[in-house]
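Each remark here refers to the structure printed beneath this line.
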Amino acid sequence: MSTAATNTIATTEPLSAWMGTLIDYVQSARPDLTNRQMALLMVVYLLPGPHTVRGLAARLHVSKPVVTRALNTLGALGYLRRQKDDSDLRNIFVEQTPTGLAFLEEFAELIERTEGHDDKRNGRRTAH
């Protein structure tokens, strides 16, 4: 008998919900973002700004080059935009875009749908 078959996770419900969301996301044909890219995107959209490369690196506890690489991808997808700070050229502001907002709204809907499916599987009624 394999070890994996005998080990159990104490709280499988949140992990099952997240697994369902990730499976739906993989099947959605949306760009495959890394956890760093998704975290960066969510920080910019969910936390008050203004956001700078330096501030995002500090917030995520990563280096500025890590943020720059993530921004290269997110910028190419149209999810975020960089803007130079005219008062301090060392600063680069990171701004939201309509495309990025639409992506995160769709992702939030995916999470909500997955949670609804899990509630139905577990025999619970949802307040949607």
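Each reported figure results from applying straightforward, stated rules to the coordinates on display, with no laboratory input. The model shown is predicted, which means the values in this text are computed figures rather than measured ones. Every residue, glycine among them, receives a Cβ derived from its backbone with ideal geometry; neighbour counts consider all protein chains shown.
Observations
- Estimated dipole of region 32-121 in Debye, rounded to 20 [Cβ of Lys and Arg +1, of Asp and Glu -1, Cα centre]: 520
- Since only Pro98, Leu60, Tyr45 are under comparison, the one whose Cα sits farthest along the positive direction of the charge dipole of region 32-121, derived from C-beta charges on Lys, Arg, Asp and Glu, is Leu60.
- Label-to-label distance, nm, for residues given as Arg69 and Gln83 (7 Å Cα→Cβ offset): 2.8
- Quotient of the Cα radius of gyration of region 12-109 and 2.2 N^0.38 Å, N being its number of residues: 1.15.
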